[in-house]
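Undergrad: This is the structure, below, for whatever I ask next.
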Amino acid sequence: MAQYKIPVIPGDGIGPEIVAEGKKVLDTAGEVYGFDIDWTRYPHGAEHYLETGELMSEDTLKELSGYDAIYLGSIGDPRIPPGVLEQGILLTTRFYFDQYINLRPVKLLKGVATPLKDKGPEDIDFVVVRENTEDLYIGVGGHASAGRSHGTAEIVRNLYQVKFDLDVETDADEIAYQIGLISRQGSERVIKYAFELASDPSRKQHLSSVDKANVMTDIYGFWREVFTSVADGYPDIETDFNFVDAICMWFVKNPEWFDVVVTPNMFGDIITDLGAMIQGGLGLAPGGNINPDGVSMFEPIHGSAPKHKGLNKVNPIATIWAGAMLIEELGERDAAQAIIGAIEANLADGKVKTYDLGGSAGTSDVGDDIARRLSA
Ligand code: IPM
Ligand code: MN
């Protein structure tokens, strides 16, 4: 019997409750499909940070590199300023393991209502491949004002003066900036991954690229250039370029146009929340942070929803679905398909559903129902 060791970071807020259901369903899938998961819990999150001062240490990351895949609940806590946990735990882990693909299916499952009028499951079925290591997420920026600065603010202060003929000290008292970076290697690898995905016989052989090459000509013009050169190797895949503002409109108006969408990091963050809404809500949207040759990490794309913590109220489906993606990455394709099938059966039946879908079932009821359908 296949044996997998999977570290799990339940995290903050509703994280522990949703992860418990994901584990339950994966364990059941293991019984049915003949594998066994040995879970190792990691305490990282707000509480652990407040107690020990550790966000995500080098030692923990080294330990985690001994595994194939990490299962993550959610990170974020109102007691801690925004950005500290997100950067210190989530982004640190994504970057350390070079999880350069953020794979986010946008699929309306049967039985789920979409806010889009006259659209159904046959119209909303695409996948967003979000670059996950570069762009505006590299963490290079600064903030300067007369008498105080941090980051490489001096350089920007000078640039600002050259460009606008303004003296920061006197004319403009405060500036802040954040730099985005796209590298050839970094964009090429994710664009290639997206082309491979679009080439899968199960897909429609269509890849859409997202940018803002009409304004940020340097970085997104370069993204386009790299996309075009990778496209030469895939003559059978139909391609198109979309400005990010326009693709927000098309996701709402004509979601059926899309099959695989590849995007730089920042735009990918934004358009996948939109994607989550058209597939029925954040409670249904999973994501994978993937390094095809390394350690990947799977999580729901929603946050820690602190106000719902401990109430056995929120929808665990995004996390259960992320679990299906995890087990698929480990090679258990049948089990992954069966979990998604059981989620669909739960939703189509519509009896055991959480408040976000108009029901009153608890988080654990939904996990139980999906696990039961899997073993039936
Ligand atoms: C996401 C989240 C993260 C991101 C935050 C929490 C750092 O919004 O996974 O989409 O911006 O990538
Ligand atoms: Mn996001």
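Undergrad: Right, L72: under 24 Å from V129 (Cβ atoms), aliphatic (A, V, I, L, M), within 16 Å of ligand 2 (Cβ to nearest atom) and without any contact (Cβ under 8 Å) to a residue 60 or more places away in the chain or not?
TA: For L72, the condition - under 24 Å from V129 (Cβ atoms), aliphatic (A, V, I, L, M), within 16 Å of ligand 2 (Cβ to nearest atom) and without any contact (Cβ under 8 Å) to a residue 60 or more places away in the chain - is not met.
Undergrad: Being farther than 17 Å from R41 by Cβ and open to solvent by less than 20 Å² (accessible area, probe 1.4 Å) is the filter; apply it to region 61-82 and report the residue that is farthest from the chain's Cα centre (by Cα).
TA: I80
Undergrad: Write out, first by first residue and then by second, each pair whose Cβ atoms fall under 6 Å of each other, whose residues are 6+ apart or on separate chains, and whose first residue, in region 118-144, is touching a residue at least 12 places away in the same chain (Cβ under 8 Å) while the second is assigned to a loop (DSSP other than H, G, I, E, B) and open to solvent by 10 Å² or more (accessible area, probe 1.4 Å).
TA: Listed pairs, sorted by first residue: P121/K110; N132/Y100; T133/Y100; E134/I182; G141/G151; G142/G151; G142/T152.
Undergrad: Name the residue, out of G30, G45, G66, G88, that is away from ligand 2 (no atom under 16 Å from the Cβ), at pLDDT below 95 and assigned by TED's automatic domain parsing to the domain that holds I317.
TA: Among G30, G45, G66, G88, only G66 is away from ligand 2 (no atom under 16 Å from the Cβ), at pLDDT below 95 and assigned by TED's automatic domain parsing to the domain that holds I317.
Undergrad: Given (1) open to solvent by less than 30 Å² (accessible area, probe 1.4 Å); (2) among the hydrophobic types (A, V, I, L, M, F, W, C); (3) more than 16 Å from ligand 2 (Cβ to nearest atom); (4) more than 16 Å from the chain's Cα centre (by Cα), where does V244 come up short, assuming only one miss?
TA: Answer for V244: the failing condition is (3).
Undergrad: Ok, one more. Can you tell which of D269, D236, D259, D334 is of a type outside the set (G, A, S), within 25 Å of K117 (Cβ to Cβ) and either within 15 Å of ligand 1 (Cβ to nearest atom) or at pLDDT 95 or above (or both)?
TA: Of D269, D236, D259, D334, the one residue that is of a type outside the set (G, A, S), within 25 Å of K117 (Cβ to Cβ) and either within 15 Å of ligand 1 (Cβ to nearest atom) or at pLDDT 95 or above (or both) is D259.
Undergrad: Restricting to region 113-146, count the residues that are closer than 17 Å to A285 by Cα, assigned to a strand (DSSP E or B) and either away from ligand 1 (no atom under 16 Å from the Cβ) or more than 23 Å from the chain's Cα centre (by Cα) (or both).
TA: So the count comes out to 2.
Undergrad: Can you find a residue in region 94-111 that is more than 16 Å from ligand 1 (Cβ to nearest atom) and not in a loop (DSSP other than H, G, I, E, B)?
TA: Yes, that holds for at least one residue.
Undergrad: Could you say which residue among G303, G310 is open to solvent by less than 50 Å² (accessible area, probe 1.4 Å) and of a type outside the set (D, E)?
TA: One residue alone meets the criteria, G303.
Undergrad: Within region 215-230, which residues are open to solvent by 30 Å² or more (accessible area, probe 1.4 Å) and assigned to a helix (DSSP H, G or I)?
TA: Those that are open to solvent by 30 Å² or more (accessible area, probe 1.4 Å) and assigned to a helix (DSSP H, G or I): T217, D218, I219, F222, R224, E225, T228, S229.
Undergrad: Does V210 satisfy being crowded, with 18+ Cβ neighbours inside 10 Å and among the aliphatic types (A, V, I, L, M)?
TA: Yes: the conditions hold for V210.
Undergrad: Here are some residues: D259, D269. Which one is at negative phi, within 15 Å of ligand 2 (Cβ to nearest atom) and outside the structural domain of D68 (by TED's automatic domain parsing)?
TA: The conditions single out D269.
Undergrad: Give L91, L72, L61 a once-over and let me know the one that is part of a helix (DSSP H, G or I) and within 15 Å of ligand 1 (Cβ to nearest atom).
TA: Result of the check over L91, L72, L61: L91.
Undergrad: Within region 28-51, can you find the residues that are in contact with a helix residue (DSSP H, G or I) (Cβ under 6 Å, 6 or more places away or on another chain) and part of a loop (DSSP other than H, G, I, E, B)?
TA: H44
The values are calculated or read from the model by the stated rules, or taken from the named source; none is laboratory data. Note that the structure is a prediction, hence the values are computed from the model and not measured. Virtual Cβ from ideal backbone geometry, glycine too; neighbours counted across all protein chains shown. Quick note on the areas: whole protein, heavy atoms, side chains included, nothing else; ligands and nucleic acids left out. Shrake-Rupley method; radii C 1.70, N 1.55, O 1.52, S 1.80 Å.
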